[in-house]
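Scroll down for the structure; my scribbles are underneath it.
The values are calculated or read from the model by the stated rules, or taken from the named source; none is laboratory data. Quick caveat, the model's predicted, so the values are computed rather than measured. Glycine gets a Cβ as well: all are built from the backbone with ideal geometry, and neighbour counts include every protein chain shown. Side chains are part of the model used for accessible areas, which takes the heavy atoms of the whole protein and leaves out ligands, DNA and RNA. Shrake-Rupley method; radii C 1.70, N 1.55, O 1.52, S 1.80 Å.
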Amino acid sequence: MTPALYRRTAPYWLSLPGFVLFAVMLFVPLVMTLLLSFYSFDYTAGIQTGFSWHNYADVVSDDYFHEIFWRTFRYGLIVTLFCIVIGVPEAYILNRMRAPWRTISLVAIIGPLLISVVVRTLGWVILMGNNGLVNTGLERIGLAKIPFIYTETGVIVALIHVMIPFMIISVWAVLQKVDPATENAAASLGASQPKVFFRVVVPQVIPGILSGSLIVFSLTTSAFATPAIIGGRRLKVASTTIYDEFLNTLEWPLGAAIAIILLLGIMAVILGWNRLIERRYAQVFQ
Amino acid sequence: MGFLQLTSLSKRFGTFTAVEDFNLDIEKGEFVSLLGPSGCGKTTTLQMIAGFLEPTAGRITVEGEDLVAIPSAKRNIGIVFQSYALFPHLTVAQNIAFGLEMRGITAMERSQRIARAIDIVHLKGFEARFPKQLSGGQQQRVALARAIVIEPRILLLDEPMSNLDAKLREDMQLELRQIQQELGITTLLVTHDQHEAMALSDRIAVMQGGRIVQIGAPYEIYENPSSRFVSTFLGKSNLLPDPAQMARQISLRPEKTRLVPAGQGKLQGRVTACIFFGAHWLYQVDTDHGLLLAYEQNLGAARARNGETVGIDWDEAHLRHLEGQE
């Protein structure tokens, strides 16, 4: 192989292993799911191959599924919002910390990512469950219990806890590229501390907020363990519904249709979001 | 009494003393430079005046008013940062408007003042650009406009030219000096560039180890350096032993020397380098007192070649006795 040819082709065959992995692990299952969503299901005959839109029609026309999808996206929006409100100041504080403390805090933030979501969610159950630590304590001192398990508030709080590291990390990554002198410049021009933060720091980390929001939103809307454990059967979201369709009622085609709709919904949000970023900020942050 | 007064100013970081017993009086409208190598405390001093650092001891007053207790947002000081520190998310006009907005100035007056500032720094037509779309020189003009538009009591310049190329730097220096004089704004420049300090300042304060070692008009300091450090940091200097006192040295500026035929002059030596700078020739001559530098104005071709033996002569009046070893 000549050096020139080698240079030209190297990127392709070097990326081949990655491509094969994605093709086998992602593309094939996706196509199979897509096909499955057009099949039909019969309780006596099982799954029937064929092509029909009736699974989609069932989902689109049924209020039961509307509620589930609305809840899924509502969780996504609320969790993303809270992650921004909590995560951005936290990233800012983290960035201002001195040498040893910054690393310690960063480990404290990233550390939980190393623990399974199931374990972290069960931690909330132990702490906030009906017979958990907090509620038992409250009962002992004669106060009312705080409902947490099987409430939307509970699911959202636990999801924020799971998702917030992603927001902090993406905002922090952008913050490191922000010239700290811009804060001094703003102060010297007469800006108070809150004004420095909201008019100079936040606008500069918007790319980080937007990419963090993308991660948090898509992970929240497709989250399974937390809504399943804390929300239970009563507060179903799209992914727990898919699970039930596949494993409990065994209506695989319907489950596949829900999965495809969820995927398309998340993709629509992500693409729309990206458009917004590009239109608004391409000029400023190239 | 000075307009800006720094009195017994000190700043310690733990056990490290960045600035120690620093005293400086600056008159209204004066342009003063703090000149020194990195780590000499000049930037620390500037940051204390700006309010980004709190002095460990000492006073900073403007027209008798103590600044130390006032937060930087209320000091009314314009600063041009080394990195320019422009707001990347705002256009040129919005960058300049920022300080005026913070002061609650009406939109109408704001646009008039922005237009005037843009006029002063010659940035007409760039109002709607973002900083990323500007060259380094243009960014610096925006930084300057943003600092002067608020009509600050004092203008602080933190190594403002260090990111510009040589040609642009010279142009900007001339322009900056002109703007400063037109506005009559009291200015403190922090720099490690002796040429910049000399070109711009009414007075230069040479700093070393957190203190001012010499202060005066550029010509005055250049001609009469008090120490070896000043004589070598500000311009080049040949150091000769002082025949009167063993431990002391004499400074002789290279441009005050003349090359003469071998056998004549006060010292003999062999030319080890001959470099052409356009306006002058630089000769390096190996003598009994070490390597000496000699500048000759470019009045013709080189007077001596490498390896040639020459004499060096000078007027006794140009010798400067330095205080101490340092």
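What do you reckon, is B:P261 without any contact (Cβ under 8 Å) to a residue 12 or more places away in the chain and open to solvent by 70 Å² or more (accessible area, probe 1.4 Å)? Spelling it out, it is not the case that B:P261 is without any contact (Cβ under 8 Å) to a residue 12 or more places away in the chain and open to solvent by 70 Å² or more (accessible area, probe 1.4 Å). Would segment B:106-114 turn up any residue that is within 30 Å of B:F13 (Cα to Cα) and assigned to a loop (DSSP other than H, G, I, E, B)? No, there is no match, as no residue in segment B:106-114 is within 30 Å of B:F13 (Cα to Cα) and assigned to a loop (DSSP other than H, G, I, E, B). Among all positions in segment B:60-81, there is at least one residue which is without any contact (Cβ under 8 Å) to a residue 12 or more places away in the chain, facing another protein chain (nearest Cβ under 9 Å) and out of contact with any Cys (no Cβ under 8 Å at 6 or more places or on another chain).
B:G78 - would you say it is under 28 Å from B:V121 (Cβ atoms) and surrounded by fewer than 18 Cβ atoms within 10 Å (Cβ to Cβ)? So that I can check it myself, show each step before the final result.
Values: under 28 Å from B:V121 (Cβ atoms): yes; surrounded by fewer than 18 Cβ atoms within 10 Å (Cβ to Cβ): no.
So B:G78 does not fit the description; no.
In segment B:130-200, counting only helices (runs of 4 or more DSSP H) that sit wholly within it, the ones holding 2 or more residues that are of a type in the set (V, I, T) and either touching a helix residue (DSSP H, G or I) at 6+ places or on another chain (Cβ under 7 Å) or away from chain A (no Cβ under 12 Å) (or both) span B:136-148. Could you figure out which of (1) more than 8 Å from every other protein chain (Cβ to nearest Cβ); (2) open to solvent by less than 20 Å² (accessible area, probe 1.4 Å) isn't true of A:L214? For A:L214, the exception is condition (2).
Within segment B:217-240, can you find the residues that are on the phi < 0 side of the Ramachandran plot, outside any helix (DSSP H, G or I) and open to solvent by less than 70 Å² (accessible area, probe 1.4 Å)? Walk me through how you get there before you give the answer.
Residues of segment B:217-240 on the phi < 0 side of the Ramachandran plot: B:217-234, B:236-240.
Adding the requirement that they be outside any helix (DSSP H, G or I) leaves B:217, B:224-227, B:234, B:236-240.
Those that are on the phi < 0 side of the Ramachandran plot, outside any helix (DSSP H, G or I) and open to solvent by less than 70 Å² (accessible area, probe 1.4 Å): B:A217, B:P225, B:S226, B:S227, B:L234, B:S237, B:N238, B:L239, B:L240.
Scanning segment A:130-150 for residues that are exposed (fewer than 11 other Cβ atoms within 10 Å of the Cβ) and either β-branched (V, I, T) or part of a loop (DSSP other than H, G, I, E, B) (or both) yields a total of 4.
Condition check ((1) among the hydroxyl-bearing types (S, T, Y); (2) farther than 21 Å from A:A259 by Cα; (3) open to solvent by less than 60 Å² (accessible area, probe 1.4 Å)) across all residues:
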| residue | (1), (2), (3) |
| --- | --- |
| A:T9 | yes, yes, yes |
| A:V20 | no, yes, no |
| A:P29 | no, no, yes |
| A:F38 | no, no, yes |
| A:I47 | no, no, no |
| A:S52 | yes, no, yes |
| A:E67 | no, no, no |
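Does B:G29 satisfy the condition of being in a loop (DSSP other than H, G, I, E, B), within 19 Å of B:I154 (Cα to Cα) and open to solvent by 20 Å² or more (accessible area, probe 1.4 Å)? Steps first, please.
On the way: in a loop (DSSP other than H, G, I, E, B): yes; within 19 Å of B:I154 (Cα to Cα): yes; open to solvent by 20 Å² or more (accessible area, probe 1.4 Å): yes.
Criteria met by B:G29.
Considering each residue of segment B:55-74, count those that are open to solvent by 10 Å² or more (accessible area, probe 1.4 Å) and part of a loop (DSSP other than H, G, I, E, B), and give that number. Working first, answer last.
Taking segment B:55-74 and keeping what is open to solvent by 10 Å² or more (accessible area, probe 1.4 Å), we get B:55-59, B:63-66, B:68-74.
Still in the list and also part of a loop (DSSP other than H, G, I, E, B): B:55-56, B:63-64, B:68-71.
Matching residues across segment B:55-74 total 8.
Using the structure shown, decide if B:L188 is closer than 20 Å to B:Q138 by Cα, surrounded by 16 or more Cβ atoms within 10 Å (Cβ to Cβ) and in contact (Cβ under 8 Å) with a residue 60 or more places away in the chain. Here the answer is no, as B:L188 does not meet what is asked. Of the candidates A:G232, A:G265, the single residue that is on the phi > 0 side of the Ramachandran plot and surrounded by fewer than 20 Cβ atoms within 10 Å (Cβ to Cβ) is A:G232.
Identify the residue in segment A:28-68 that is charged (D, E, K, R) and out of contact with any helix residue (DSSP H, G or I) (no Cβ under 7 Å at 6 or more places or on another chain) and, among all such residues, is nearest to A:T241 (Cα to Cα).
Here the residue is A:E67.
Do the conditions hold for A:V202, that is, is it of a type outside the set (G, A, S), open to solvent by 10 Å² or more (accessible area, probe 1.4 Å) and either within 14 Å of chain B (Cβ to nearest Cβ) or not in a helix (DSSP H, G or I) (or both)? Spell out the reasoning first.
On the way: of a type outside the set (G, A, S): yes; open to solvent by 10 Å² or more (accessible area, probe 1.4 Å): yes; either within 14 Å of chain B (Cβ to nearest Cβ) or not in a helix (DSSP H, G or I) (or both): yes.
Taking the combined requirement at face value, the residue satisfies it.
Scan A:G190, A:G208 and give me the residue that is out of contact with any Phe, Trp or Tyr (no Cβ under 7 Å at 6 or more places or on another chain) and either open to solvent by 50 Å² or more (accessible area, probe 1.4 Å) or free of Cβ contacts under 8 Å to residues at least 24 places away in the same chain (or both).
Working: A:G208 fails: either open to solvent by 50 Å² or more (accessible area, probe 1.4 Å) or free of Cβ contacts under 8 Å to residues at least 24 places away in the same chain (or both).
Of the residues listed, the single one that is out of contact with any Phe, Trp or Tyr (no Cβ under 7 Å at 6 or more places or on another chain) and either open to solvent by 50 Å² or more (accessible area, probe 1.4 Å) or free of Cβ contacts under 8 Å to residues at least 24 places away in the same chain (or both) is A:G190.
If only residues of segment A:268-285 that are within 20 Å of B:F130 (Cβ to Cβ) and open to solvent by less than 60 Å² (accessible area, probe 1.4 Å) are counted, the one that is modelled with the lowest pLDDT is A:F285.
If we scan segment B:98-108, do we find a residue that is open to solvent by 60 Å² or more (accessible area, probe 1.4 Å), within 21 Å of B:D165 (Cβ to Cβ) and away from chain A (no Cβ under 14 Å)? There is no residue in segment B:98-108 that is open to solvent by 60 Å² or more (accessible area, probe 1.4 Å), within 21 Å of B:D165 (Cβ to Cβ) and away from chain A (no Cβ under 14 Å). Evaluate the following for A:T220: is it more than 11 Å from chain B (Cβ to nearest Cβ), at pLDDT below 95 and within 12 Å of the chain's Cα centre (by Cα)? No, not satisfied.
What are the residues in segment B:201-216 that are over 16 Å from B:L46 (Cβ atoms), more than 13 Å from the chain's Cα centre (by Cα) and either assigned to a loop (DSSP other than H, G, I, E, B) or not assigned by TED's automatic domain parsing to the domain that holds B:C40 (or both), if any? B:G209 - this is the single residue of segment B:201-216 that is over 16 Å from B:L46 (Cβ atoms), more than 13 Å from the chain's Cα centre (by Cα) and either assigned to a loop (DSSP other than H, G, I, E, B) or not assigned by TED's automatic domain parsing to the domain that holds B:C40 (or both). Among the residues of segment A:157-178, are any open to solvent by 50 Å² or more (accessible area, probe 1.4 Å), within 20 Å of B:P131 (Cβ to Cβ) and within 14 Å of chain B (Cβ to nearest Cβ)? For segment A:157-178, residues open to solvent by 50 Å² or more (accessible area, probe 1.4 Å), within 20 Å of B:P131 (Cβ to Cβ) and within 14 Å of chain B (Cβ to nearest Cβ): present. Of all residues in segment B:204-233, none that is free of Cβ contacts under 8 Å to residues at least 12 places away in the same chain has its Cβ atom under 8 Å from the Cβ atom of a residue that is outside any strand (DSSP E or B), 6 or more apart or on another chain.
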